[in-house]
Amino acid sequence: MLAVVALVGVRMVAVKWQAPKPVASTQPSTAPASQPATAPATTQAAPEGPLVDLLDLIRADHPDYPTTQPLDLPSDLEDAARLVVDRPVYLDSLGYLWITHPRGQSIDELLRKPIKKRTLIVNEEVAYVWWRDDGRPLVIVRKGRDVYETYGHARMRYEVGWIDPGVAIPLGDRLFVPQLDGFTSLNISSVATEQSRLIHLPARGGGPIKTPVVAARCDDGLLAWAPWENGESGSTGALFIRPDASTIPLDRSTGWVDQPIQLVPLADGSVLAIGKTETGIELVLKPLTEAPPPSTELLVKLAGLARKLADRDPLVREDTQRQLEAMGPSIYPELEKMKDDLAVESQVRIEAILGQRFAPTLGGLRPLDGQPLTIARLRDGGCVLMLTGGGTYEEDGQTKSYIPAFISIRPGHYVERIDPSKVANFAPGKHKLAAFGSEWVVFDPTLGPQRWIGNKLYPLAGSDFKSFDDFVGIDAQRRWIFKSTTQPGKTLILDTTLPDLEPRLPVWAIDAPDGAGWTSAGWPAVKREKNIFVLGERGWRMLDKDEKFESTPPNVVPSSATSAAGDRFDVVGETITTKPKNGATTTLLVPPEARGVGPDQLFWAADHLFLFTGPGKLHRFAWREGKLSFERTFEENLTTRDVKRVWLDPVGRLCIANDTGVWITFPTGRVPGAISQLMLQGR
């Protein structure tokens with residue numbers, strides 16, 4: 001039966017900092033961060049020719065965006081640019097990203113050569129891309145309401161209602177497009193005599209189908225049904241659709257279920273059907289087509305897997321059992337033949353697998369009475385079910401209960417019992433769940449999209465992007481793509497190779513109740529009892545013998561700053577005077593929101609000018625093409641008490657200290673990996 005989704009843990013995030021010796025710890029800021037230093041600050045006009053990548057498109061739509069090339073090294077996902085694109089965006093099955101823009105490339109011309117880029121800016125709205133076996137795509141574009149045309153080996157025009165462009169299933173020379181109560185079969189052969197055919201799913205008593213249709217690919221065709229879920233009626237049974245668009249009914253009259261929730265194709269052509277009943281669910285496992293005799297290669301594979309059922313690692317044993325179940329009932333006779341020659345653990349697990357013939361399970365779980373809830377319908381055709389009555393399963397020779405039970409069912413994966421700790425705080429009806437590959441996302445109506453790692457959730461974009469509640473997927477360049485069900489047409493792209501449109505300033509606040517200050521060389525330092533710890537470029541160290549710890553405020557504060565190109569800036573009262581190395585002197589009146597109680601201090605860092613105007617406020621200015629302009633004020637997580645000194649340390653971090661703490665800010669907008677690990681490290 002279908003498989004468990006591997007939840008990939010990257011790193012467990014803690015909010016405390018740990019020094020080499022016991023030193024006070026704090027929480028890293030989630031405040032927006034500024035532009036990375038690797039992104040050139042000089043604005044160049046976006047090219048006038050066709051746009052060829054995402055950076056071209058962003059610069060065309062946002063002329064003030066200062067970046068002219070991707071970052072040298074991708075950032076972590078939490079530091080990724082959050083780009084909202086108000087244009088049609090389509091992610092195809094190979095991870096190519098197609099974005100529509102009037103200055104995009106012609107699709108017709110694009111397809112005349114091998115496609116080398118993974119991001120394609122085109123001048124027509126792409127509805128679907130079908131990659132053929134020869135490696136060339138057939139591109140279907142939207143020409144108008146319910147009007148579509150193809151580019152590629154066949155040039156055809158269709159008039160068809162498409163419920164969700166981008167969702168379709170190719171089979172043979174046909175593309176099956178979901179409709180309200182079935183599918184439209186589009187024939188894309190260049191010699192087709194029949195362009196389309198409508199296939200209706202049967203409904204009880206001819207009544208309406210109230211749930212979106214679902215389909216699953218199997219070896220010889222397509223399984224199609226409208227699920228019965230969450231109180232809504234679906235189709236009466238399902239259909240098996242052949243490549244020629246002929247159908248076979250799969251309902252009670254042919255030994256299947258009448259109220260399908262999910263159909264799960266197995267490797268041998270069998271199908272596990274999950275149906276709704278008055279008291280809960282029913283499971284039917286039977287062949288859809290006759291399986292061929294097992295090959296020599298299959299028998300060798302079965303023998304190896306059967307031995308692994310007794311592996312020392314319980315996870316290997318469990319995974320192997322799920323893998324054998326997913327191969328279908330055609331292997332049962334072979335398992336029965338080899339059972340007696342295997343270890344006792346293998347024999348016990350084979351008996352459990354053979355028991356599926358008479359009492360199928362969901363990943364080893366035997367459902368108990370209780371109505372199921374469909375927690376999520378996934379874009380890959382899978383779903384997540386919550387069995388309110390739970391179920392029982394065998395573990396270490398004991399029967400255990402799992403109430404309520406959460407089950408993940410996805411194509412290409414085993415059926416998985418989701419660990420209760422992972423969904424302990426999941427509230428059906430409030431939260432939404434989505435998956436792509438091994439990644440899971442939970443949508444919180446207040447916090448926005450969150451990444452599900454292990455049994456914890458980590459913010460992906462923040463509450464400002466909570467309306468993006470549909471996880472489309474991850475493209476070939478590892479960009480995360482989200483759409484909004486409440487704002488049609490808008491797409492959120494998380495790109496780790498670009499800086500954010502919105503300036504960011506990460507802050508690491510370090511408590512130092514025994515004293516805080518700096519070294520004679522300008523490194524931030526904190527006291528801990530009799531010891532002094534210094535924060536270097538990559539981590540903490542003890543104060544060297546030839547270094548001096550200082551904590552007395554300087555007599556003079558920096559009211560001038562000089563850029564890397566030699567341009568000088570001076571703050572005088574409520575103005576900043578700019579003296580370019582080559583050019584005329586200009587004066588900028590500081591806007592009211594960037595004025596403070598003083599003394600004002602200027603710093604040049606990460607290709608930007610920073611103005612400190614008193615406790616708790618840092619203001620960023622852009623210097624582009626000889627003009628100084630105000631960008632943003634940063635206040636979150638900055639101290640508002642008795643600042644002793646503000647300075648740039650030797651690696652360009654802008655530091656703030658008072659008697660009991662040091663605030664490390666990162667003007668580049670990115671926290672270096674080594675420092676990030678310190679910030680995330682638990683005690």
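Quick notes on this structure:
- Asp495 being among the charged types (D, E, K, R) and open to solvent by 60 Å² or more (accessible area, probe 1.4 Å): no
- Candidates Phe630, Phe603, Phe621: the one that is touching a strand residue (DSSP E or B) at 6+ places or on another chain (Cβ under 6 Å), at pLDDT 95 or above and among the hydrophobic types (A, V, I, L, M, F, W, C) is Phe603.
- Residues satisfying the stated conditions in the range 465-506, i.e. outside any loop (DSSP other than H, G, I, E, B), under 30 Å from Ile664 (Cα atoms) and among the basic types (Lys, Arg): Arg504
- Taking the range 246-300 as the range and being free of Cβ contacts under 8 Å to residues at least 60 places away in the same chain, closer than 19 Å to Arg357 by Cβ and charged (D, E, K, R) as the test, the residues that pass are Glu282, Lys286, Glu290.
- Residue count for the range 412-437, restricted to those that are surrounded by fewer than 13 Cβ atoms within 10 Å (Cβ to Cβ) and assigned to a strand (DSSP E or B): 0.
- Of the criteria (1) of a type in the set (A, V, I, L, M); (2) in a loop (DSSP other than H, G, I, E, B); (3) closer than 30 Å to Thr388 by Cα; (4) without any contact (Cβ under 8 Å) to a residue 60 or more places away in the chain, which one Ala310 fails: (3)
- Picking from residues in the range 657-668 that are open to solvent by less than 30 Å² (accessible area, probe 1.4 Å) and more than 35 Å from the chain's Cα centre (by Cα), the one that is nearest to Trp540 (Cα to Cα) is Gly661.
- Unique match (being of a type in the set (A, V, I, L, M, F, W, C) and under 20 Å from Trp663 (Cα atoms)) among Leu505, Leu494: Leu505
- Per-region count, the range 89-108, residues over 19 Å from the mean Cα position of the chain (by Cα) and open to solvent by 30 Å² or more (accessible area, probe 1.4 Å): 5
- Of the set (1) open to solvent by less than 50 Å² (accessible area, probe 1.4 Å); (2) at pLDDT 90 or above; (3) more than 23 Å from Val167 (Cβ to Cβ); (4) of a type in the set (Lys, Arg), all apply to Arg504 but (2).
- Tally, over the range 444-471, of residues that are over 18 Å from Leu501 (Cβ atoms), hydrophobic (A, V, I, L, M, F, W, C) and open to solvent by less than 30 Å² (accessible area, probe 1.4 Å): 3
- Residue satisfying all of: in the range 624-639; out of contact with any Pro (no Cβ under 7 Å at 6 or more places or on another chain) and closer than 15 Å to Thr575 by Cα; most open to solvent (accessible area, probe 1.4 Å) among these: Lys627
- Residue tally, condition of a type in the set (Phe, Trp, Tyr) and either assigned to a strand (DSSP E or B) or closer than 14 Å to Ala80 by Cα (or both), over the range 655-668: 1
- In the set Val671, Val643, only one residue is open to solvent by less than 50 Å² (accessible area, probe 1.4 Å), among the β-branched types (Val, Ile, Thr), in a loop (DSSP other than H, G, I, E, B) and in contact (Cβ under 8 Å) with a residue 60 or more places away in the chain; that residue is Val671.
- Checking each residue in the range 522-551 for being open to solvent by 40 Å² or more (accessible area, probe 1.4 Å), touching a residue at least 40 places away in the same chain (Cβ under 8 Å) and either over 13 Å from Arg653 (Cβ atoms) or in a strand (DSSP E or B) (or both) picks out Arg528, Asn531, Arg541, Met542, Ser551.
- The one condition from (1) within 25 Å of Trp228 (Cα to Cα); (2) open to solvent by less than 70 Å² (accessible area, probe 1.4 Å) that Ile163 does not meet is (2).
- Every residue from the range 612-635 that is under 21 Å from Ala509 (Cβ atoms) and assigned to a loop (DSSP other than H, G, I, E, B): Thr613, Gly614, Pro615, Gly616, Lys617, Glu635
- Listed by first and then second residue, the pairs linking a residue in the range 373-395 that is over 21 Å from Cys218 (Cβ atoms) and without any contact (Cβ under 8 Å) to a residue 40 or more places away in the chain to a residue that is open to solvent by less than 60 Å² (accessible area, probe 1.4 Å) and in a strand (DSSP E or B), with Cβ atoms under 6 Å apart and 6 or more places separating them unless they lie on different chains, are Gly390/Tyr402; Gly390/Ala405; Gly391/Leu365; Gly391/Pro367; Gly391/Tyr402; Gly391/Ala405; Tyr393/Leu365.
- Once the range 68-117 is narrowed to residues that are in contact with a strand residue (DSSP E or B) (Cβ under 7 Å, 6 or more places away or on another chain) and of a type in the set (D, E, K, R), the residue that is modelled with the lowest pLDDT is Asp79.
- Filter result (assigned to a loop (DSSP other than H, G, I, E, B), at pLDDT 90 or above and open to solvent by 20 Å² or more (accessible area, probe 1.4 Å)) within the range 243-294: Ser246, Asp251, Gly255, Asp258, Gln259, Thr277, Glu278, Thr279
- When Ser185 is tested against (1) in contact (Cβ under 8 Å) with a residue 24 or more places away in the chain; (2) of a type outside the set (D, E, K, R); (3) within 26 Å of Cys383 (Cβ to Cβ); (4) open to solvent by 20 Å² or more (accessible area, probe 1.4 Å), exactly one condition is not met: (4).
- Looking only at residues of the range 63-88 that are touching a helix residue (DSSP H, G or I) at 6+ places or on another chain (Cβ under 7 Å) and not in a loop (DSSP other than H, G, I, E, B), we find that the one that is surrounded by the most Cβ atoms within 10 Å (Cβ to Cβ) is Arg82.
- The number of residues in the range 394-411 being open to solvent by 30 Å² or more (accessible area, probe 1.4 Å) and under 19 Å from the mean Cα position of the chain (by Cα) comes to 1.
- Per-region count, the range 364-385, residues open to solvent by 40 Å² or more (accessible area, probe 1.4 Å) and under 24 Å from the mean Cα position of the chain (by Cα): 3
- Among the residues making up the range 454-505, those that are under 13 Å from the mean Cα position of the chain (by Cα) and aromatic (Phe, Trp, Tyr) are Tyr458, Phe468, Phe471, Trp480, Phe482.
- Being assigned to a loop (DSSP other than H, G, I, E, B), touching a strand residue (DSSP E or B) at 6+ places or on another chain (Cβ under 9 Å) and touching a residue at least 40 places away in the same chain (Cβ under 8 Å) holds for only one residue in Leu609, Leu638, and it is Leu638.
- Tally of residues being touching a residue at least 12 places away in the same chain (Cβ under 8 Å), open to solvent by 60 Å² or more (accessible area, probe 1.4 Å) and outside any strand (DSSP E or B) across the range 584-606: 4
The values are calculated or read from the model by the stated rules, or taken from the named source; none is laboratory data. None of the values given here were measured: they were computed from a predicted structure. Cβ atoms come from the backbone with ideal geometry, glycine included; neighbour counts cover every protein chain shown. For the accessible areas, the whole protein counts, side chains as well, though only heavy atoms, and no ligand, DNA or RNA atoms are used. Shrake-Rupley method; radii C 1.70, N 1.55, O 1.52, S 1.80 Å.
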